[in-house]
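Every read-out reported here was derived from the displayed coordinates using simple, explicitly stated rules and does not represent laboratory data. In this text the structure is predicted, and so the values were computed from the model without any measurement. Here Cβ is always computed from backbone atoms with ideal geometry, including for glycine, and neighbour counts include all displayed protein chains.
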Amino acid sequence: MAFFFHLKRILHKYFLPLFLLLSLLVWFTAFSGGKLKSFHISLAPTQTLYKGDSLKDELNILVKASNRIDTPKPKEECPQESPLLRGAVKLTFEPSLTLKDVEEENKEVTEGQYEPLDCTSRQSVAILIPHRNRERHLLYILHHLHPFLQRQQLHYSIYIIQQAGDETFNRAKLLNVGYLEALKDYDWDCFIFHDVDLVPENDHNLYVCDEQPKHLVVGRNATGYKLRYKGYFGGVTALTKDQFYQVNGFSNAYWGWGGEDDDLRIRVELQKMKIVRPPSDVARYTMVFHNRDSGNEINKYRMELLRKTQHVWRKDGINSCSYKTLSIQRLPLYVNVTVDIGKP
Ligand SMILES: *[C@@H]1O[C@H](CO)[C@@H](O)[C@H](O)[C@H]1NC(C)=O
Ligand SMILES: *[C@@H]1O[C@H](CO)[C@@H](O)[C@H](O)[C@H]1NC(C)=O
């Protein structure tokens, strides 16, 4: 009894100093090692940037985060105008270019995604490209777009939305799918809806969103660099997450070529939003030549559909977009979302 009483007294008397000493010891081992440090830093990007849950993804992120430890101070916001911009550049379309080459050129891109190392981007941007049977065009756009976006100091990811099967192509519905699927990965600020065959010629054409929906293609080499017609809203457009949500996205009803971009313009105008465009000397594109694909014939119902837009837009859009995701491949330069979107 006396012994226990004694022990209790000793513990009471020495508990506080002992506890402090132990805490100090734990703190010292933790912060001198460096190992724990990198773990600590890796937490933030894991939670916000990536939702891939395979072990491989986790490891990649850990490696990436530990590489960043050398960065001496917290990143500042990237400047209003990137110092890396070059203006108009001469584009080349080498027949010998391969996917391996483009991967070699873009080692900092992982699973289609990139963010600047030395500053925090002003916007996080998802680039959505609908695709089927255009592998050559895809190669050229990846080759030009990755360095272009990096010079703009953007945090971005490129998504290819691949229509499965041989049914008539539906660009607009694929873009709706891209929006919904990309938001499962990250809370993107801005979406660029991008044709696979259009390559931007001038990096002052900024792939960021504005107060109003933005149309980025004023001119292309195929049309003598003139706007195709007043109100044209196709090719490449930029809408914020909220702007796109507000118009209920694209219509799902346009199968085949044409009309869906005019439909989006009507939706935007119904919301009293105004389309903005960069200056025409900047908003220039090269259109890589191709024949009209089979499976993407001109949609002869497009005028009829356009007359109905104002009555149906609330019910036909991202809120009614039904599809089946067949696979999601996270490849080095892009995320390949393959979907069954049904048929007309
Ligand atoms: C535009 O440029 C591309 C690439 O050089 C070329 O394939 C295409 O034929 C050009 N189109 C026109 C109409 O000049
Ligand atoms: C995307 O994945 C599908 C299914 O695996 C494949 O058939 C298609 O070729 C892929 N597309 C691209 C552009 O990687």
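Using θ = phi - 60° in the Karplus curve 6.51 cos²θ - 1.76 cosθ + 1.60, the 3J(HN,Hα) couplings for segment 171-180 round to 4, 5, 5, 4, 5, 4, 4, x, 4, 5 Hz; x is entered for Gly and Pro. Label separation (ARG228 vs SER320): 2.5 nm, computed from points 7 Å beyond Cα along the C-beta direction. Highest mean packing first, where packing is the average number of other Cβ atoms within 10 Å per residue, the peptides 130-137, 226-233 line up as 130-137, 226-233. Protection proxy ranking of 257-264, 94-101, 113-120, by the mean of other Cβ atoms within 10 Å over each peptide's residues and highest first, is 257-264, 113-120, 94-101.
What net charge is computed for the residues neighbouring HIS204, neighbours being all others with C-beta under 14 Å from the C-beta of HIS204, Lys and Arg scored +1, Asp and Glu -1? If you can, show how the numbers build up before the last one.
Working: positive: ARG86, ARG151, LYS214, ARG277, ARG284; negative: GLU81, GLU201, ASP203, ASP281.
Here the charged neighbours net out to +1.
Sorting the segments 155-161, 336-342 by their mean number of nearby beta carbons within 10 angstrom, highest to lowest, gives 155-161, 336-342. Counting 0.36 nm for each residue step from LYS90 to ILE328 and taking away their Cα separation leaves a gain of 82.3 nm.
For segment 182-192, putting each phi into the Karplus relation 6.51 cos²θ - 1.76 cosθ + 1.60 with θ = phi - 60° gives couplings of 5, 5, 6, 7, 6, 8, 5, 6, 9, 10, 10 Hz, in residue order, rounded to whole numbers and with x for Gly and Pro.
Shown in residue order for segment 90-100 are the 3J(HN,Hα) couplings computed by the Karplus curve 6.51 cos²θ - 1.76 cosθ + 1.60 at θ = phi - 60°: 7, 8, 10, 10, 5, x, 8, 4, 10, 4, 4 Hz (x for Gly and Pro). Taking every lysine pair in segment 191-344 that is 8 or more places apart or spans two chains, those with Cα atoms closer than 23 Å amount to 25. A cut-off of 5 Å between modelled amide H atoms, ignoring neighbours fewer than 5 places along the same chain, links GLN212 with no other residue.
Counting only other residues whose beta carbon sits under 12 Å from that of CYS78, what net charge do I get with K and R as +1, D and E as -1? Residues close to CYS78 contribute a combined charge of -2. If R0 equals 25 Å, the separation of the Cβ atoms of GLN271 and TYR186 corresponds to a calculated FRET efficiency of about 0.50.
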